[in-house]
1. Quote the relative contact order of the chain in percent (integer), defining contacts as alpha-carbon pairs under 8 Å separated by 6+ residues.
2. Grab the eigenvalues of the alpha-carbon gyration tensor for the stretch 105-259, scale each by 5, take roots, and send me the semi-axes largest first in whole angstrom.
3. Please identify, among 112, 41, 162, the residue showing maximal mean-square fluctuation in a Gaussian network model of the chain using a 10 angstrom Cα cutoff.
4. Less than 12 Å from a label point 7 Å out along the Cα-to-Cβ axis of residue 97: which backbone N atoms in the stretch 190-222 qualify, by residue?
5. Which of 138, 193, 242 moves the most in a Gaussian network model of the chain with Cα springs under 10 Å?
6. Ranking 22, 36 by Cβ neighbours within 10 Å, fewest first, what do you get?
7. Starting with the fewest neighbours, write out 126, 232 ranked by other beta-carbon atoms found within 10 Å of each beta-carbon.
8. What does the helix-only formula give at 222 nm for the chain: each DSSP H stretch with n ≥ 4 adding -39500 (n - 2.57), the total divided by the residues, and the result rounded to the nearest 500 deg cm²/dmol?
């Protein structure tokens, strides 16, 4: 009687995620994002207006509820959840690449190929944002004790003190760690979940691996995102109307190049 050999699993193969791209490619992503934005610009700009209005409502709510002491951490936390908010822009870029058009309805009511998995990463990013806001409150208490926040009218007086300057330095470092981690796990995970039938944990792991293996390029891209966000803040968030759509479309092209 012939004995059938047991199947032998294939040996693991080394897969390199280093795409050997020049740092200048980040600016090409920005250019491609602009081109997608000006293709039927009404939809992208309307999306940017929606993000701007929601941001204003959050700021107004914090101020009305006397929660202005977490206003700056909340604004910084926008960078944590930004990749999830841009999913509609990824959908438009995906449809443009396929030669079809995307309406504003398609961009708002997106149907990811991963199904409900994208909700998991959305919840994860929201929890990270809440954790950062709590950490910011604890840092304030660490340097100023249990004194109540004096209000936004006196914020400059606080920051000009030795404790305030030290708080800015330490807070920026801690906030940078939160932003870097959330950026690494989400910058490609969200477009990946939109475009591929995969699970959230795999997408986040791959996103972090892609960022790590293309670190020089991603540092440049992260710097572009940071400068763009600062410009949005300096314009009273009005810059979100134009800058957010461009960055969202550009992130899609970054995903396609590095995936």
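Only the coordinates and a few stated rules stand behind these numbers; no lab work does. Quantities reported herein were computed from a predicted structural model and do not represent experimental measurements. Note that each Cβ is placed from the backbone with ideal geometry, even for glycine, and that neighbours are counted across all protein chains shown.
1. Value for the chain: 38 percent.
2. Numbers: eigenvalues 218, 61, 52 Å².
Over the Cα atoms of the stretch 105-259, the ellipsoid semi-axes are 33, 17, 16 Å.
3. In the Gaussian network model the winner is 162.
4. 191-196
5. 138
6. Details: 22 11, 36 27.
Fewest-to-most ranking of 22, 36: 22, 36.
7. Working: 126 14, 232 23.
Listed from fewest to most nearby Cβ atoms, that is 126, 232.
8. Helix contribution divided over all residues of the chain: -24000 deg cm²/dmol.
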